[in-house]
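The next block holds one structure in the form of structure tokens; read it before the comments.
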Amino acid sequence: MALTRKDVEKVSLLARLRLSEAELETLSSELAQIISYIDLLGEVDTEGVEPMAHAVEVSNVFATDEVKPSLDREQALANAPSSNGRGYLVPPVLGS
Amino acid sequence: MLRAATDEVIWCRLFWGVDRHNSDRYFSMSLLEHSACELLQLLEEGKTSSVELAQAYLDAIEARDSQIGSFLRVDAEAAIRRAEQIDRRRGKGEQLGKLAGLPVAVKDVLCDRETKTTCASRMLESFRPPYDSTVVAKLKAADAVLIGRTNMDEFAMGGSTENSAFQVTRNPWDLERTPGGSSGGAAACVAGGMAPLSIGTDTGGSIRQPAGLCGVVGMKPTYGRVSRFGLIAFASSLDQVGPLARSTQDAALLLETIAGHDPQDATSLDVAVPKYSATIKQPLKNLRIGIVREHFAEGLDAEVETAVRDAIKVYESLGATVKEISLPHSKYAVATYYVIAPSEASSNLARYDSVHYGYRTDRAAMLKELEEERKELETAGDQAGLNSLDSPLVRMYRQSRAEGFGPEVKRRIMLGAYTLSAGYYDAYYLKALKVRRLIRQDFDAAFEEVDLIASPVTAQPAFKLGAMADDPLSMYLVDLYTVSANLAGLPGISLPCGFSSGGLPIGLQLQAPPLGEETLLRGAYMFEQATDWCRRRPSLER
């Protein structure tokens, strides 16, 4: 599957990355090269093989449902780039 | 127990230009040469103190790390304070932890509430975790003296430590070469005598590869053996924390300190941890070593091949039987890895939204630029452009992430977002998960016939810094021998097995079935005892 520059632009929005013209250019060719290497997987017969999401397949790990202390507000906000002491501040989402 | 090897004395002379009879200095220098197990004994016998030990290592860092660059941050005062507390408690006859008074370096990817945790990224340059990772908590409980945070490839993505946003780390054996990565600082500080023990992480070889390139012992445990709680995630189904040390015995000691079930990591295994350090000296009887046909192929450096084949002969001389085996899907391991790891990374790194923590772009400049773009589009009457223009919030995410992440991290996020995106998920991600199972099945079949698999760690010794800067795919292919263990979840160890004609270390990798750490360490110890590669040290000048 050929990777186009338009694909790269679309993925950069999905990945919430703003890329410069130069980065879009370089990434288009680098990713195309990597993807064409990855296409090697196409030759493997995987008919009937179950996907393996984890190396050690542990399932149904339950924890007892008990209330434990969590981060208090001050700690939770301590690393915020912008906060008013009660919550996180972001640019306006609605209107302008 | 204390070794007074000749090369150690020569080493001291080279480095310090002093004679061993300059006794005080010699003693403090020799503290830098002993294994962690020997240092523990010296501490217990009162022949040194935690403070003296911490000071010796802090002095070594001061003297050498301006050349090597293994540490991102060292808090000398905090280390000495901590060492004083341990000495005081030892003086009172209190029961102390397993690593009492030993300096330990930690890769800057494991949360520690007492220091910043940056992942060598601008994104987390000022991040102070509100809690300790389980591994750091266990080290503290074991009374280790945490002396500093080591450099790494940004978010552990890379194999040369050149992707650090902050500094270059150099190989102590040749300052123009890479120490490997991503745990490059972790390996270089041990090789350079600046820490007896250090903690790294391994997602596709990030402990074993730098250990191999720096001539130290490095081990990736079975997936789930060590808790990932508080480990900043790269690829969650592959990441594993492990020890780097000067000897297998030291690695065993450090591993048994950090291993074990942790309810805070749902993927950690609820299996008892053997006392590795107690059994490591027992040789394995009737040991069956497998060598993989596909491993000795084109691209493998002749000197590396010779060193590894010689290592296998050592095992034969120790009574092991050697059997050639096949891992037919091994040629697909790197491709599989570079679908799965970036996919998981793109998902994990979505958390860096510049809202909750991490770097945020300058708000005013960002809004001003956005407004200018809008005006331009309006003037041009470009309705489609206006419709697709970022909202201020989306632009804040995109701009912050663009400025906070380095090129390799962006490349992997992009690759992962692409392989997970609609239309490609089945072709890439799902396909890779299926091949992953086939790779695991190859190993399961192989371990029916052999106990350990021996192989190179890398196809070449350490390469020159900058050599792969413009070629990401070649850089990825360096992981050829190491990624399979992560995909299959196996434990693997890298230990020194020779030197190139240019004086660069060559590593031997051993792999064992899941939870086979005890066999792995005992097997590695046998080799270490039969050879002296582990005792070689680089000659560093001041």
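Once the Cα atoms are used to define both axes, helix B:517-530 deviates from the longest principal axis of chain B by about 50 degrees. In a fully extended conformation the segment linking B:GLU403 and B:ARG293 would gain 35.1 nm over its present Cα-Cα distance, using 0.36 nm per residue. For B:LYS285, which lysines qualify as cross-link partners when the Cα separation must be under 18 Å and same-chain residues fewer than eight apart are set aside? Partners found: B:LYS313, B:LYS323.
In summary, the lysines within cross-link reach of B:LYS92, defined as a Cα separation below 22 angstrom excluding same-chain residues under 8 places away, comprise B:LYS47, B:LYS140. Amide H to amide H, with H built 1.01 Å from N, B:LYS323 comes under 5 Å of B:ILE289, B:GLY290, B:ILE291, counting only residues 5 or more places away or on other chains.
Which percent, nearest 5, of DSSP beta bridges in the protein assembly as shown are antiparallel?
Close to 65 percent.
If the chain linking B:GLU77 and B:LYS285 were pulled fully straight, counting 0.36 nm for each residue of separation and taking away their Cα-Cα distance, it would gain 70.0 nm. Residues B:ILE207, B:ILE312, B:ILE493, ranked from the fewest to the most other C-beta atoms within 10 Å, line up as B:ILE312, B:ILE493, B:ILE207. Among the residues of A:62-68, the average count of other protein chain beta-carbon atoms within 10 Å of the residue beta-carbon is 1.
Note on the range A:23-53 and the range B:370-397: Cα centroid distance 34 Å, given to the nearest whole angstrom. Taking the Cα centre of the protein assembly as shown as the origin and placing charges on Cβ (Lys, Arg +1; Asp, Glu -1), which of B:SER70, B:ALA459, B:MET157 is farthest toward the positive end of the dipole? Value: B:SER70.
The mean count of C-beta atoms from other chains within 10 Å of the C-beta of residues in A:41-50, rounded to a whole number, is 5.
Close amide H contacts of B:VAL145 (hydrogens built in the peptide plane, cut-off under 5 Å, sequence separation of 5 or more or a different chain): B:GLY101, B:LEU102, B:VAL104.
Expressed as a fraction of 2.2 N^0.38 Å, the C-alpha radius of gyration for the protein assembly as shown is 0.97.
Its DSSP H runs of at least 4 residues, each contributing -39,500 (n - 2.57), put the calculated 222 nm mean residue ellipticity of chain B at -13000 deg cm²/dmol, to the nearest 500. Chain A has equivalent-ellipsoid semi-axes of 38, 30, 11 Å, by the square roots of 5 times the alpha carbon gyration tensor eigenvalues, sorted largest first. Sorted on the mean count of surrounding Cβ atoms within 10 Å across their residues, most packed first, peptides B:270-282, B:223-235, A:82-94 read B:223-235, B:270-282, A:82-94.
Distance from the C-alpha centroid of the range B:55-128 to that of the range B:231-246: 19 Å, rounded to the whole angstrom. Rounded to the nearest whole Hz, the Karplus-based 3J(HN,Hα) values (6.51 cos²θ - 1.76 cosθ + 1.60, θ = phi - 60°) of the range B:440-453 follow the sequence 4, 5, 4, 5, 4, 5, 4, 6, 6, 9, 10, 8, 9, 10, with x at glycine and proline. Residues whose amide H falls under 5 Å from that of B:ARG177, counting only those 5 or more places apart or on a different chain, are B:ASN171, B:LEU465, with hydrogens built in the peptide plane. The protection proxy used here, the mean number of other Cβ atoms lying within 10 Å of each residue, ranks peptides B:104-110, B:48-54, A:33-39 as follows, highest first: B:104-110, B:48-54, A:33-39.
Cβ-to-Cβ counts within 10 Å put B:HIS329, B:HIS261 in ascending order as B:HIS261, B:HIS329, the fewest first.
Give, rounded to the nearest 20 debye, the magnitude of the charge dipole that chain B has about its Cα centre when Lys and Arg contribute +1 at Cβ and Asp and Glu contribute -1 at Cβ.
780
For the range B:321-337, backbone phi angles converted through the Karplus equation (6.51, -1.76, 1.60; θ = phi - 60°) give residue-by-residue couplings of 9, 10, 10, 7, 10, 10, 10, x, 8, 5, 5, 9, 4, 5, 4, 4, 4 Hz, Gly and Pro being listed as x. Take every DSSP beta bridge whose two residues both sit in chain B; close to 65 percent of them are antiparallel. Taking a point 7 angstrom from the Cα of B:ALA365 along the C-beta vector, which residues in the range B:406-443 have backbone N less than 18 Å away? Residues B:406-407 qualify, since their backbone N sits under 18 Å from the label point. Angle between the Cα long axis of helix A:5-14 and the longest principal axis of chain A, 0 to 90 degrees, nearest 10? It is inclined by approximately 20 degrees. Under the definition of Cα pairs under 8 Å and six or more residues apart, what whole-number percent is the relative contact order of chain B? Reported relative contact order: 18 percent. Relative to the longest principal axis of the Cα atoms of chain B, the long axis of helix B:248-258 makes an angle of roughly 50 degrees.
For a paramagnetic label modelled on B:SER347 (point 7 Å from Cα along Cα→Cβ), amide N atoms under 20 Å away belong, within the range B:437-462, to B:437-440. The ranking of B:ASP143, B:ASP202, B:ASP444 by Cβ neighbour count inside 10 Å, starting from the fewest, reads B:ASP444, B:ASP143, B:ASP202.
Dividing the convex hull volume of the alpha carbon atoms of chain B by its residue count, what do you get in Å³ per residue?
Measuring per residue, one finds 153 Å³ for the Cα hull of chain B.
Taking 1.306 mPa s as the viscosity and 10 °C as the temperature, the Stokes-Einstein diffusion coefficient of the range B:364-430 based on its alpha-carbon Kirkwood radius rounds to 112 µm²/s. Taking label positions 7 Å along the Cα-Cβ direction at both B:VAL314 and A:SER29, the computed distance is 4.5 nm, reported to one decimal.
Inter-chain neighbour count for B:49-55: the average number of beta-carbon atoms from partner chains within 10 Å of each residue's beta-carbon is 0.
Between B:ALA469 and B:ALA445, full extension at 0.36 nm per residue minus the direct alpha carbon distance yields a gain of 4.8 nm.
Ranked by the mean number of other Cβ atoms within 10 Å of their residues, highest first, the peptides A:49-62, B:77-90 come out as B:77-90, A:49-62.
The numbers here are math on the coordinates, done by the rules we state, and not lab data. Being a predicted model, the structure only gives us computed values, none of them experimental. We place every Cβ from the backbone using ideal geometry, glycine too, and count neighbours over all the protein chains shown.
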